[in-house]
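**Student:** Below are the structure tokens for one structure; questions will follow.
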Amino acid sequence: MQKIKALLEHRLFVSVALTETGGVHSLRFRSVWLVAVVVFALSGWLGMILAGDLAGARLKAAITGDTETKYYIDMIAELRAQRDAEREQMRTIAQQLGVLQARLDRFDALGNKLKAEGTLLTEAPENDNKGGPEIALPRTLPTLEDIRQQVAATSDKADFAEAALETSLAMAIRSSLGTVTGGAIPYLWPLMSERGRPTSSFGWRSDPLHGGRAWHAGMDLADAIGAPVVAAADGVVAYAGWRMGYGNLVEIKHQNGFSTRYGHLHRATVKEGQRVNAGDLVALLGNSGRSTGPHLHFEVRKENNALNPYPFVKDTRAEVMQQARSGRGQELLSQWKNSGKNARR
């Protein structure tokens with residue numbers, strides 16, 4: 001202890017020669033001051049590292065040539081980057097698991113609908129024998145990449161299962177109504193055009209705008225702007241105007257709790273409260289609202305629950321396209337234009 005105290009009490013002399021004047025200047029200071037400066041520098045260096053200023057600490061290490069410190073700083077930076085990346089992956093996986101849980105809840109609701117329709121077995125056969133394949137537990141804990149791949153695979157399977165379940169539900173409802181060729185149950189292909197084609201089906205898909213996974217509550221039919229859109233069934237126009245996401249929208253109420261929606265329109269040709277019949281012109285196809293190109297977004301709903309519309313209208317697609325080839329679509333457009341001219345007279 002005495003030796004350390006004596007060392008700190010030593011005085012150091014530093015002489016500085018100036019080349020311009022030739023004079024020599026001497027500086028005198030205690031050893032303890034030098035130690036204080038070194039401690040202060042080291043504490044500041046450590047503080048920068050702990051505070052996250054690795055770039056500044058790395059620069060200081062490079063200037064002083066302290067390769068060992070630079071090595072440890074680089075190691076800290078690499079570990080932090082790895083930690084941040086794993087946190088982001090875990091956050092993404094947590095979000096995906098949340099979506100899967102929501103979809104499982106949706107499956108439960110759809111299963112109850114199928115039970116109510118009598119199309120789903122509600123009780124197991126009377127058999128006491130129970131069994132199944134033995135589940136082999138993993139010998140090692142799965143890695144983060146393993147979990148990510150499992151979530152992706154489960155999500156893809158859920159996509160298929162949910163779309164199949166929704167389609168089965170729509171077909172069950174459609175079958176329960178019997179063979180319908182007219183009236184108030186949606187049945188007619190809604191685009192009176194020979195060129196119109198389906199571009200996006202009902203169910204989960206990649207969102208056309210931001211690319212994320214999104215639920216598509218209807219089906220999309222692409223064609224040129226101004227193509228004739230017709231009512232899929234008899235009913236009353238409940239809404240004709242702009243709605244967020246849909247753009248220009250026409251909604252028609254039908255019997256038995258059914259309704260149909262026609263979105264992204266160029267314009268509506270009907271008004272709220274107007275009664276329409278299946279095959280009447282209700283709108284012109286467009287590209288309004290949340291849309292990336294001219295198309296009709298068509299929905300079938302029952303008690304405001306979206307159903308897969310394709311099973312309802314698929315049987316009349318060929319018939320409507322044949323009518324369009326025969327000039328029915330142009331006839332509807334001419335009638336609407338003439339009615340507008342007569343109204344202005």
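We did not get these values from a lab; they are worked out from the coordinates using the rules stated. It should be emphasised that the depicted structure is a prediction, and the values quoted were computed from it without experimental measurement. Neighbour counts run over all protein chains shown; Cβ positions are idealised from the backbone, glycine included.
**Student:** For the structure I just gave you, tell me whether Lys314 is more than 30 Å from Ala172 (Cβ to Cβ), of a type in the set (Lys, Arg) and in a helix (DSSP H, G or I). Show your work before the answer.
**Tutor:** Values: more than 30 Å from Ala172 (Cβ to Cβ): no; of a type in the set (Lys, Arg): yes; in a helix (DSSP H, G or I): yes.
No: the conditions fail for Lys314.
**Student:** Now, a different point. Quick check on my filter: what residues within region 191-224 are within 19 Å of Gly289 (Cβ to Cβ) and basic (Lys, Arg)?
**Tutor:** Arg205
**Student:** In addition: In region 184-220, what residues are surrounded by 22 or more Cβ atoms within 10 Å (Cβ to Cβ), among the small types (Gly, Ala, Ser) and touching a His at 6+ places or on another chain (Cβ under 7 Å)?
**Tutor:** Gly218, the sole residue that qualifies.
**Student:** Could I ask something else about it? Out of Ala306, Ala324, I need the residue that is out of contact with any Pro (no Cβ under 6 Å at 6 or more places or on another chain), touching a residue at least 40 places away in the same chain (Cβ under 8 Å) and in a strand (DSSP E or B). Which one? Even if it seems obvious, please write down each step before you answer.
**Tutor:** Values: Ala324 fails: in a strand (DSSP E or B).
The match here is Ala306.
**Student:** Does Arg301 count as outside any loop (DSSP other than H, G, I, E, B), basic (Lys, Arg), surrounded by 11 or more Cβ atoms within 10 Å (Cβ to Cβ) and out of contact with any strand residue (DSSP E or B) (no Cβ under 7 Å at 6 or more places or on another chain)? Quick ask: steps written out before the conclusion?
**Tutor:** On the way: outside any loop (DSSP other than H, G, I, E, B): yes; basic (Lys, Arg): yes; surrounded by 11 or more Cβ atoms within 10 Å (Cβ to Cβ): yes; out of contact with any strand residue (DSSP E or B) (no Cβ under 7 Å at 6 or more places or on another chain): no.
So Arg301 does not fit the description; no.
**Student:** Continuing with the same structure: Out of Ala224, Ala240, Ala232, I need the residue that is buried (at least 21 other Cβ atoms within 10 Å of the Cβ) and closer than 18 Å to Leu333 by Cβ. Which one?
**Tutor:** Ala240
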